[in-house]
Amino acid sequence: MSNWRITGGNSLNGEIRVQGSKNAVLPIMAASIITGCETELINCPMLSDVEAAIEILRHLGCIVDRDADTIYIDSRPMTGTDIPHYLMREMRSSVIFLGAILARAHSAQISYPGGCELGARPVDLHLEALRTLGAQITEQGGELFCRDSGLRGGRINLAFPSVGATENVMLSACAAEGETVITNAAREPEIIDLQDYLIKLGARVSGAGTSTVVIGGFEPRKRVGHRVMTDRIVAATLLCSTACAGGNVSLKSVTPEHFETVTSALEQMGCEITRSSMGVSIRAGGALRAARPISTGPYPAFPTDAQPLLMAACLKAVGTTVFTENIFENRFRHAIEMRRLGADIDVVGRVAIIKGVERLSAARVTATDLRGGAALVAAALAAEGRTELFDSGHINRGYERLDRILNELGAEVELIEN
Ligand code: EPZ
C-alpha cells in the first residue's frame, strides 16, 4: 500500500532504458516447466506479478533464483501439479500455467481464476482449446481439475484472438502427439517472444505474430538462455507521460513498431516523434490537439493497455477525443478519478468522450487498476499542485519503480509507504 505524491508542472527530459516485458516474461516462466530443464532469463522486470510467478514455480517444486534482472529456473525437480487459491489470487493470469503443467505432468489442478477490476475475464476459450487437444477438464468447488491420457495435436480456431488462450495452447501443444494449428491466434509481440523461447527449448513452432500458429513436435533441450523483450506498454506509458508533462524524452532499447498505434496518435496530437533502430524519442510542449477517435482491439490495433495512458494525454488537449474500449467491459474506471482532477469525461458503455480542459488541479485520487493507476500519475504531472494518489499495489504489478524513473526525468514524485 502506498501513497504517491505527485507535484505537477515539471517537464520530463532525459534518456531512459525501458524494463523487460511483464506480458512476455510471465508466459515464458510458465513455459520453463513443460520439460525438466534449466532456464536463464535476462532483462526480467522487478514486479510483484513476476514475484507471484516465482512463488508458483517454487510451489510446483522448481528451484528459482533471482539476481537483479536475471532469473534462473531449474524445473527438473518439479513434482507439483496444483496452483492453490492463495497463489492464483495473487495473479489471475496464472491460468497460463495450466497448459504448461498439463504438458509436463498430464494432470493439473488450479483454483478457478476469478475476474479482476477490468471485467469477468472468462477462460472458456482456454478450456475449449485444451479439451480439443484431449484434456478432460471438470470444475468443482471453484477448482479446475484437468487431466489427459496423452494430448493429441489438432486444429483450434479461437473465437476471439485471446492472448492467454493462444499462449496456453502453444505450451500444451508442445507435449501433444502430432501437429497443432491455431487459427485466429493472437498476434501480440509477446507471442513472438514466447515462440522464440520455445524454439530454443527444442519445440517446432512457427507463425507467431500472424493469425496462424503451428506447433509440430518437441525435442527438449536441457539448458536455455533467453533475453526477454522490452515492455511496449511501459514505453507507451513514458511517452504519454511526456505528452502530459511536456519535455524531451528518449527511450532506449525499444522496438518502435511494437507501439506504432500509440506513437502515431501522439504525433497526430502534435508531439514530435523520432524513431530509430536504437529506440524512440518524443518532444512535446504547449497544448496538444485532441486525438482522432481511438478504438482498442487485438494487436496490431490500438492496445487496450495503453488506452488509459493516451486518455491522460488527451485531458488538456484542444478539442474532443472519443475512445471506444472493445476488449474489456470495465476499463474506464480511471475516468471517474480523472474527473476529480478536473477532466471533462463522459462515459457511455464502452465509449468515453474527453473534452479538453484548460487546466487540471491537484486532487486526492485512487488507482483503480494497473494501467489506470499509471494514467493517473501521468495526468497528475499535468495538474497544478500536489496530487495524492492512493495505490493498493496496482502500479507495482507492472511498473518497475515508475516513481524513480519519473524523478530521474525531472518529475517530483514522492512515494509514502503506509
Ligand atoms: C493479456 O491478458 C494481457 N495480460 C493483458 O494485459 C492485456 O490487456 C490482454 O492480454 C489484451 O491484450 C498478460 O499478458 C499477462 P485476452 P489476457 O485473453 O490474456 C476475453 C496488463 O495491463 N476472453 O486476450 O487475459 C476477455 O474477457 C494486462 O498488463 C474470453 O472471453 O487477455 C477479454 O475481453 C491487463 N474468454 C478479451 O478476451 C477467454 O477464454 C481479451 O482477453 C479468454 C479471454
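The values are calculated or read from the model by the stated rules, or taken from the named source; none is laboratory data. These figures come from a predicted structure and were not determined experimentally. Here the Cβ positions follow ideal geometry from the backbone for every residue, glycine too, while neighbour counts run over all protein chains shown. When the accessible area is computed, the model is the full protein with side chains, heavy atoms only, and any ligands, DNA or RNA have been set aside. Shrake-Rupley method; radii C 1.70, N 1.55, O 1.52, S 1.80 Å.
Some notes on this structure:
- Tally of residues being open to solvent by 10 Å² or more (accessible area, probe 1.4 Å), under 21 Å from the mean Cα position of the chain (by Cα) and β-branched (V, I, T) across segment 42-66: 1
- Taking segment 273-301 as the range and being assigned to a loop (DSSP other than H, G, I, E, B) and within 11 Å of the ligand (Cβ to nearest atom) as the test, the residues that pass are G297, P298, Y299, A301.
- Which numbered condition A265 misses (of (1) in the same structural domain as S172 (by TED's automatic domain parsing); (2) open to solvent by less than 40 Å² (accessible area, probe 1.4 Å)): (1)
- Counting only strands (runs of 3 or more DSSP E) that fall entirely inside segment 92-172 and contain at least 1 residues that are in the same structural domain as D196 (by TED's automatic domain parsing), touching a His at 6+ places or on another chain (Cβ under 6 Å) and away from the ligand (no atom under 14 Å from the Cβ), the qualifying elements are 107-111.
- Residue match in segment 18-41 (condition: in contact with a Ser or Thr (Cβ under 6 Å, 6 or more places away or on another chain), aliphatic (A, V, I, L, M), surrounded by fewer than 21 Cβ atoms within 10 Å (Cβ to Cβ) and touching a residue at least 60 places away in the same chain (Cβ under 8 Å)): no
- Among (1) out of contact with any strand residue (DSSP E or B) (no Cβ under 9 Å at 6 or more places or on another chain); (2) open to solvent by less than 50 Å² (accessible area, probe 1.4 Å), the one test that P300 misses: (2)
- Neighbours by Cβ (under 8 Å, 6+ apart or cross-chain): first from segment 93-118, modelled with pLDDT under 95; second of a type in the set (F, W, Y) and within 11 Å of the ligand (Cβ to nearest atom): L118/F328
- Residues that are touching a strand residue (DSSP E or B) at 6+ places or on another chain (Cβ under 7 Å) and of a type in the set (D, E, K, R), drawn from segment 97-120: none
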